[in-house]
1. Taking 7 Å along the Cα-to-C-beta vector as the label spot, tell me the Glu251-Ser111 distance in nanometres, rounded to one decimal.
2. In a shell of Cβ-Cβ distance under 11 Å around Ser136, excluding Ser136 itself, what net charge do Lys and Arg (+1) and Asp and Glu (-1) give?
3. Can you give the angle from 0 to 90° between the axis of helix 155-165 and the longest principal axis of the chain, with both taken from C-alpha atoms, to the nearest 10?
4. Leaving out ligands and nucleic acids, and using a 1.4 Å probe, what accessible area per residue does region 33-125 come to in Å²?
5. Tell me what the chain gives for mean residue ellipticity at 222 nm when only DSSP H runs of n ≥ 4 count, each as -39,500 (n - 2.57), the sum divided by the residue total, rounded to 500 deg cm²/dmol.
6. Describe numerically, in nm with one decimal, the distance between label points set 7 Å from Cα along Cα→Cβ at Ser181 and at Val264.
7. Given a Förster distance of 41 Å, report the FRET efficiency between Ala70 and Gln198 from their Cβ-Cβ distance, rounded to the nearest 0.05.
8. Jot down the radius of gyration and Dmax of the chain, Cα atoms only, both in angstrom.
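The values are calculated or read from the model by the stated rules, or taken from the named source; none is laboratory data. Every value quoted in this text rests on a predicted model; they were computed, and no experiment measured them. As a convention, Cβ positions derive from the backbone with ideal geometry for all residues, glycine included, and neighbour counts pool all protein chains shown. Accessible surface areas use protein heavy atoms only, side chains included; no ligands, DNA or RNA. Shrake-Rupley method; radii C 1.70, N 1.55, O 1.52, S 1.80 Å.
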Amino acid sequence: MQLSSLYRFPLKSAAGESLQHCASDALGLLGDRRWMVVAAGTGRFLTQRAIPRMALLQARWQGDSALRLAAPGMQELLVQVPDRKEMRCVQVWSSNPVVPDAGETAATWLSHFLGQACRLVYLPEDDGIQVDLDYSRLGERTAFSDGFPFLLIGQASLDDLVRRVGRPLEMLRFRPNLVISGTEPYAEDAWKRIRIGQLTFRIVKPCSRCVIPTIDPLSAERDPDREPLNTLLSYRKGQGGVFFGQNLISEGTGQLAVGMPVEVLE
C-alpha cells in the first residue's frame, strides 16, 4: 500500500490542489483549510452546499504569507495573511472562533463573485479548533474543516463506486487529503491506526457525506440524478448518515509525500 495522492484545500469549500509532498502541523496538512468565506452579517461559514459556484474558486498559497485568489471572469487577487487588527467571531458548525478578518478588498472581490455579502477570514495555527471530544483528545485541533484534520479515501473504494454508478467520478468530489492505493475496496473502514512514512494516524470516525459530491468540481453543476449520493445511499447508509472515507487524527507532525508506504498498525 502507498500514498497515491495528496490534496490540499487552502480555502474551505473552494477548489483543491494536488500536491506531491507537504508538511503537516498541529492542524493537519500545512495550509489546509486555513481560510474560510463567511456571511458578512452572521459570520456563518459558506460552502458549496448552498453556493455551488464556490467550486470554481481557486485559492493557492504564495509562500506562507499570502493567498492568491482566482475565479472565472475575475482579476486575480493577492491576499496577505492578516494580522489581528480586525477580529471577527465566525461560526463553523458548533464552533465560534474569533479570527482575523482579511480586509475590505478580499471581501469585495468574493462578494462580487459569489453574489452575496461575505468576508474572508483566516485561522492561525495557534488558534486551531478543538476536535469533537467524543472522537479526540483534549488539545487535538483542526482548522476550518468540517470537524477533523485529515480525510482518507482508498482508491479502490472510489473505483468500486465508479463501477456502481456507471460513469467516471473525480476523487476531488469527495475532498480527501490522503488517497491510498493497493487495498481492497473499503479496507479503510476496518483500520484503527496506520503509519504513512514516519507519521502515525488514528482513524477516528467514518466520514458522513452531504450533497457536495453531487457537484462537478470543474463546472460547479449539480448532478441532475444526485449521483453519486443516490448510489451511496443504496449500500453505504448507516446510523447517522451515508459514509464514504475515514476521518483521521495525526499523532505528531512531519512530512508526507506521494509514494510513501502505508502500514496498517491496528
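1. 4.8
2. That works out to +1.
3. Orientation of helix 155-165: about 90 degrees from the principal axis.
4. Details: 4250 Å² over 93 residues.
Averaged over the residues of region 33-125, the accessible area is 46 Å².
5. Result for the chain, helices only: -3000 deg cm²/dmol.
6. The modelled label-to-label distance comes out at 1.9 nm.
7. Computed FRET efficiency for Ala70 and Gln198 comes out at 0.75.
8. Every Cα atom of the chain included, Rg and Dmax give 17.9, 52 Å.
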